[in-house]
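Structure record follows, encoded as structure tokens.
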Amino acid sequence: EKKSAEKPGKETPKKRSGKKGTKINGQVPSEIPMPSGSDGAPSMDKVSLYIDILSKAQTDSDEGAVRIVRHLFALSEHKNDCCDSNRRALVHENSNKLLPVLLQFLQICDSGSQEQYLCLLVLNNLSIPDENKRMISLDCGGVHVLSRILCENPSCHLVAIILVNLTFADNDVRKELIRQNSTNQLIGALTFALQVSMAPKEKAGLVNDVLPTQKGAFSPDLLLKSINDTASNSIFGYSMDPSNQLFPETARWSVCALKNLTRPPSDRAAIVAILDTSILPLILQVVTVKTLSSLHDAESFGDTVSHSTGTPMASHPEDTSASNNNSTLPPLVISLTESAEDSNAPCTWEANSIQDASLFLLLHLACCQEARGALLQSKAVHILCSIADYGIASGDALRNGGKGSLNHTSEEKLIQEFQCLKARMALSCLLGGEGHYGQPRAHISSSIIRSDDSAILILPDEARLMVELFANTLHQRSKNGPGGYSGTSFPPKIVLQAIRCLLVTISNQRTFMSSCGIKLTSLLVKALAKHCFTDDPSIDATAAEHACFSLYLLSNIGFLRPFLPEYYEEDDLVAKVLSSYLFLAKTTPPGRHAADQLLRRLPFMIFEGAITSQEGTVASDFEFDSKLLQEANDIIIQPRDVGTKPLEDIFDRPILRSRSSKQGEPEGRKVSEYPSALYAVQQLSYGSTIVRHNEPIDDILIANNIASSANGLGTASYNYTWTWKDQAKKEVQKPSAGFFTKDEPFSIFGFRCG
């Protein structure tokens, strides 16, 4: 049971009769005063009368108005059997007149009074239905009013809860809230409340001095600036101990609202506005694991992942710029004593905790190109790595030989797995989101991407959790229990983006295909079909590109092991989906290239096996429903040329690419190593700055030519010398950092190619 937090340094004008800690679902304390028998029973038939009485109130001491608010609460609270329909009717019937007078009465209530709290409880109930959110937040200016009340009385976390409800809205409502941010100043108010709420208790007097005294007559943005120093840190400082924070509940719900505002697909203006508040370092501090053990300095922390995967990355030359970028991070202390405990461990980050919400916020930021530079400058990679690798690199895990915690319960382990997965997704979008094959040219330092590729390598268990999340998200299904999430916690687009970014490494491609390959590829085909045949708004053109390009990357392995279940070969099902996607007007260039290459490869891919229902798996998730199947069966595939049949030599045989130095370059030969001729194609295929293609691209034809060239046959070599690694002569030099220039193309393996 949570007790009410008083405004620092001030007495509450009137005693509150209800308990704090109101849940987001509208459940309220039983002590809230209910209408007496003399008031008459609350009735929806009397709402027009309620509106008339409430509109005439001049002060919150008006007994008639207070009685009306009690009636409205009784009609809208969860104990009422008709609460759902009542909540909608109260907002939308009677010519939409109730909300304006309710908000008007709220503004005349004394701050912290019982009347204000009761009025907020009614608004909390009304803010739950999706149909009400636009009316309350935008049409009636509710967000503008509530943002000011939150700044006036940050101790009242119920205001923050209502804002969480209102920001958990459809994309159009959230975008409009951001467009009106200069007026409602919602982000400024939430950030101010967060910083004040996390101030240590000994700063209560100082905090009280800056709280506005005139109702609504202030700017939350200016208020925020008044408490920040030149480095944009709060002048009060922060306490990471909830028991020492002024208003910990307000702090966590404020972060939850910020998380909602950045939820993809979000208006990029929301990302920019949050970054402008300079609150990112505080958010990162909230999720910083205070680990008492580590085997590595901060700048090499990500390397621990590669040691645990069993699928080593290709080596690359040293890059001093990458190490300099992290040079300010202090080393972590090693301590393996049995009594040592890591603080702020991910296993304690339950749903809607401030850490859970902060990690979601960081994931949303990492998905957005505009935020990646700020995240990297704030050392987010190191902090996210410490979360993602916690199960294998924490002090407790190390004491157990890197096999996980000794002391955590099964519930805590499930929570930890979920939070670690979120951190890995954020890392994948941050480090694998640009500059790789099929992606726009990197806007962040390529040396940073290259040095931290190991941070996005995953283990088989993580791959399976990722596929489970994808299946649940695609079907809007919740996962219950510890480490669970709602069916709307992750938009499909963000999951697809994370998967594509994880697949930029060959190691992850192999991990996915060996642990849950046909499950993942089936879901990718199904997501693409939803985009083509149902115009599902959750799978837009960008999400569809992620799905198709992920299939394309995984298909390199589909020549030698099952690529899809037999189900998708029947009636040319996958070919119909790819053909439909290929010719959609909104298909992006990378997506169109991926679809074309997949169609060329299909005759040579392996379709094998079936997916059955078992623990954690619903077989129907991986097949088309009747509507999708009907749409697909109506597609007539136009005849097209079959792609080139692959040579056996293009698979799993490492190959070296070399070229003599150009005039003015250091003497020697530039050498790049690839796991196979098929992977060497990527530098010469879509988006290549090395080869200009006058004919349609056929990756397999290019790979065959590369293999034939290495075999000494007179085929196209694309101005390079190709040599099988197992036949390489001693004079072929190894790659050297001195051979590379900053502006040369970047390969998926971490090498620059010349």
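Rolled with a 1.4 Å probe across the full set of protein chains, the surface gives LYS627 an accessible area near 120 Å². Legend: residues ARG653, ARG640, ARG601, sorted from most to least accessible area (1.4 Å probe; ligands, DNA and RNA excluded), read ARG640, ARG653, ARG601. For the pair ARG640 and LEU222 in one chain, pulling the backbone fully straight at 0.36 nm per residue adds 144.2 nm over the alpha carbon distance.
Stretching the chain fully between THR183 and ARG268 yields a gain of 28.8 nm (0.36 nm per residue, less the alpha carbon separation).
Got a sec? What order do THR409, THR473 fall in by accessible area at 1.4 Å, biggest, i.e. largest, first?
In descending accessible area the options line up as THR409, THR473.
Taking amide H as placed 1.01 Å from N in the peptide plane, TRP724 has its amide H under 5 Å from the amide H of LEU656, each at least 5 places away in sequence or on another chain.
Toward the positive end of the charge dipole of the stretch 494-613, with +1 on the Cβ of Lys and Arg and -1 on the Cβ of Asp and Glu, the farthest Cα among LEU524, LEU503, ALA544 is that of LEU503. Sorted on the mean count of surrounding Cβ atoms within 10 Å across their residues, most packed first, peptides 237-247, 140-150 read 140-150, 237-247. Among GLU115, GLU695, GLU411, the sequence by solvent-accessible area, most first, with a 1.4 Å probe is GLU695, GLU411, GLU115. The label-point distance for SER48 and ILE235, in a model that sets each label 7 Å from Cα toward Cβ, rounds to 5.4 nm. A crude spin-label estimate for the pair ASP625 and ASP461, with each label 7 Å from Cα along the Cβ direction, gives 3.4 nm.
Across the stretch 86-96, coupling constants 3J(HN,Hα) worked out from phi with the 6.51/-1.76/1.60 Karplus curve, θ = phi - 60°, read 5, 4, 6, 5, 4, 8, 9, 9, 6, 6, 6 Hz, and Gly and Pro carry x. 3J(HN,Hα) along the stretch 593-609, derived from phi through the Karplus expression 6.51 cos²θ - 1.76 cosθ + 1.60 where θ = phi - 60°, amounts to 4, 4, 5, 4, 5, 5, 5, 5, 8, 3, x, 10, 7, 9, 10, 7, x Hz, with x in place of Gly and Pro.
Couplings for the stretch 165-182, taken from phi via the Karplus curve 6.51 cos²θ - 1.76 cosθ + 1.60 with θ = phi - 60°, read 4, 6, 7, 7, 10, 5, 4, 5, 5, 5, 4, 5, 4, 6, 4, 8, 4, 5 Hz in order; Gly and Pro are left as x. Here r is the Cβ-Cβ distance between GLU63 and VAL210 and R0 is 25 Å; the resulting FRET efficiency, rounded to 0.05, is 0.10.
The values are calculated or read from the model by the stated rules, or taken from the named source; none is laboratory data. Model, not experiment: these values are computed from the prediction. With ideal geometry, Cβ positions are generated from the backbone for all residues, glycine too; neighbour counts draw on all protein chains shown. Each accessible area value is taken on the protein alone, full model and side chains, heavy atoms only, with ligands, DNA and RNA left out. Shrake-Rupley method; radii C 1.70, N 1.55, O 1.52, S 1.80 Å.
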